[in-house]
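Peer 1: Quick one: structure below, then a few questions.
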Amino acid sequence: MTLQSIDQTAEMEAATRAAEASALFAADTFGRVLATSPAMVRLRDAGAALRVDELAQAAIEAFNSRQAELRLELSFGTLDEAQRADLARLESAMVAFPTVAAYLEAYEAFQGLCRETAGVVSGEIGVDFAANCRAGGCCGG
């Protein structure tokens with residue numbers, strides 16, 4: 001290895017570290033902006049309201065409990081009509097609570113913002129960013 005190739009290698013490593021630092025700075029800035037976005041604020045507020053609504057929490061628990069009981073049937077698609085009706089009734093009772101409905105709407109809006117953001121990032125880097133952040137991808141474990 002020559003002195004010139006060592007210098008070029010060191011320059012490339014320094015440029016790589018600078019680019020990575022810049023990307024991390026931009027990600028940090030993005031995270032702070034996202035945390036104060038109307039969609040995130042709405043989701044936080046809806047979540048806080050839902051957490052203190054005891055009746056809504058009971059309805060959520062009833063639905064989740066019945067869904068867990070029927071997990072096997074759900075996974076195989078073998079629910080009978082009575083089971084399907086029971087789940088639908090519990091789900092309707094759950095989403096009838098204004099706090100549940102507000103949370104679900106806020107969650108959908110935030111997910112939309114996240115999908116849009118992932119699309120922008122994917123377009124810039126030329127790779128499906130969100131897919132690479134899942135477990136087994138570049139960012140997942």
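Peer 1: Do you know which of the residues in segment 80-116 that are loosely packed, with under 15 Cβ neighbours inside 10 Å and outside any helix (DSSP H, G or I) is modelled with the highest pLDDT?
Peer 2: A96
The rows are residues; the columns are (1) exposed (fewer than 13 other Cβ atoms within 10 Å of the Cβ); (2) part of a helix (DSSP H, G or I); (3) in contact with a strand residue (DSSP E or B) (Cβ under 7 Å, 6 or more places away or on another chain); (4) at pLDDT 95 or above.
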{"residue": "M1", "(1), (2), (3), (4)": "yes, no, no, no"}
{"residue": "T9", "(1), (2), (3), (4)": "yes, yes, no, no"}
{"residue": "A18", "(1), (2), (3), (4)": "yes, yes, no, no"}
{"residue": "S22", "(1), (2), (3), (4)": "yes, yes, no, no"}
{"residue": "Q57", "(1), (2), (3), (4)": "no, yes, no, yes"}
{"residue": "I60", "(1), (2), (3), (4)": "no, yes, no, yes"}
{"residue": "L74", "(1), (2), (3), (4)": "no, yes, no, no"}
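Peer 1: Can you name the number of the only condition in (1) in contact (Cβ under 8 Å) with a residue 24 or more places away in the chain; (2) within 29 Å of P38 (Cα to Cα) that A62 fails?
Peer 2: For A62, the exception is condition (2).
Peer 1: Since V41 meets every condition but one in (1) in contact with a Lys or Arg (Cβ under 9 Å, 6 or more places away or on another chain); (2) closer than 17 Å to Y103 by Cβ, which condition does it not meet?
Peer 2: (1)
The rows are residues; the columns are (1) touching a His at 6+ places or on another chain (Cβ under 9 Å); (2) farther than 27 Å from F110 by Cα; (3) among the small types (G, A, S); (4) without any contact (Cβ under 8 Å) to a residue 12 or more places away in the chain.
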site: I6; (1), (2), (3), (4): no, yes, no, yes
site: M12; (1), (2), (3), (4): no, yes, no, yes
site: A19; (1), (2), (3), (4): no, yes, yes, yes
site: L34; (1), (2), (3), (4): no, no, no, no
site: P38; (1), (2), (3), (4): no, no, no, yes
site: V41; (1), (2), (3), (4): no, no, no, yes
site: D45; (1), (2), (3), (4): no, no, no, no
site: A48; (1), (2), (3), (4): no, no, yes, yes
site: D53; (1), (2), (3), (4): no, no, no, no
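The values are calculated or read from the model by the stated rules, or taken from the named source; none is laboratory data. As the structure is a computational prediction, the values presented were derived from the model and not from experiment. Here the Cβ is made from the backbone with ideal geometry for all residues, glycine too, and neighbour counts use every protein chain on show.
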